[in-house]
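Derivation of every value follows stated rules applied to the coordinates shown; laboratory data play no part. From a predicted model like this one, the values you see are computed outputs, not experimental measurements. No Cβ is skipped: glycine too gets one built from the backbone with ideal geometry, and neighbour counts run over all protein chains shown.
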Amino acid sequence: MTITSTKAWKHYMLICRSLEYNDIPYIKDDNTLCVRCRICGRDGDLQFLYSVDPSKMLINLYSPLNISFDTKNSADAALAVCLINNRLSNGCFYLDMDDRLLYFRMTTSFYETDLNGMLFEYMLSAAADTIEEYSPEIETLLCISGEGAA
């Protein structure tokens, strides 16, 4: 096992321990170094996926939102999302043109550093707060620009 893959595994296990410590149920995949979890938000459950990328030494946190868009007005949808992203200090919303869904993503690097469980707790908390704060506005902007919410 290389140093990079050893650090990736260490951080993957740290994510799992952090979720256990906070009593958040999760499903892990040791082969892909991915951890799925769900937390209860104000407007329903929020799904999250932690993904550890050993080749880039990154930890990504993704959350699919229940908001879709029509590809015929994708430029308007992208502009609406950019207007929101300009206000964010951590993470970003992005449109996946293949599945026509809106996602939230937050990334951190473990290059030449060792992260701790508090960072993963922060990532999950900050992502959930950002999603709950901005999802209604994004959904409204997408509808104004001719898009429809799922």
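With contacts taken as Cα pairs under 8 Å and at least 6 residues apart, segment 28-69 reaches a relative contact order of 28 percent.
Within straight-line reach of Lys72, meaning a Cα separation under 17 Å, sit the following aspartates and glutamates at least 8 residues removed in sequence or on another chain: Asp96, Asp98, Asp99, Glu139, Glu147. Taking the Cα atoms only, what angle lies between the long axis of helix 117-144 and the longest principal axis of the chain, rounded to 10 degrees? Tilt of helix 117-144: around 10 degrees.
Using the number of other C-beta atoms within 10 angstrom as an exposure proxy, rank Cys34, Cys82 with the fewest first.
Numbers: Cys34 17, Cys82 13.
Starting with the residue having the fewest Cβ neighbours, the order is Cys82, Cys34.
Quick one: Cα convex hull volume of the chain, Å³ per residue? If you can, show how the numbers build up before the last one.
Details: hull volume 17.4 nm³, N = 150.
It comes to 116 Å³ per residue, whole-number rounded.
Between Gly41 and Leu46, the built amide H atoms are under 5 Å apart, and every one of these is 5 or more places off in sequence or on another chain. Taking every alpha-carbon pair under 8 Å whose residues sit at least 6 apart, the chain reaches a relative contact order of 24 percent. Each residue of segment 27-36 was assigned a 3J(HN,Hα) from its phi angle through the Karplus curve 6.51 cos²θ - 1.76 cosθ + 1.60 (θ = phi - 60°); the sequence is 10, 10, 10, 5, 6, 9, 6, 10, 10, 9 Hz, with glycine and proline shown as x. Taking a straight line from the alpha carbon of Lys10, these lysines sit under 25 Å away, with near neighbours fewer than eight places off in the same chain left out: Lys28, Lys56.
Counting helices only, and only those DSSP H runs with n ≥ 4, report the 222 nm mean residue ellipticity of the chain as the sum of -39,500 (n - 2.57) divided by its residues, in deg cm²/dmol to the nearest 500.
Values: 3 runs with 59 residues, N = 150.
Estimated from H runs of four or more residues: -13500 deg cm²/dmol.
Across segment 23-101, the volume of the C-alpha convex hull divided among the residues equals 146 Å³ per residue.
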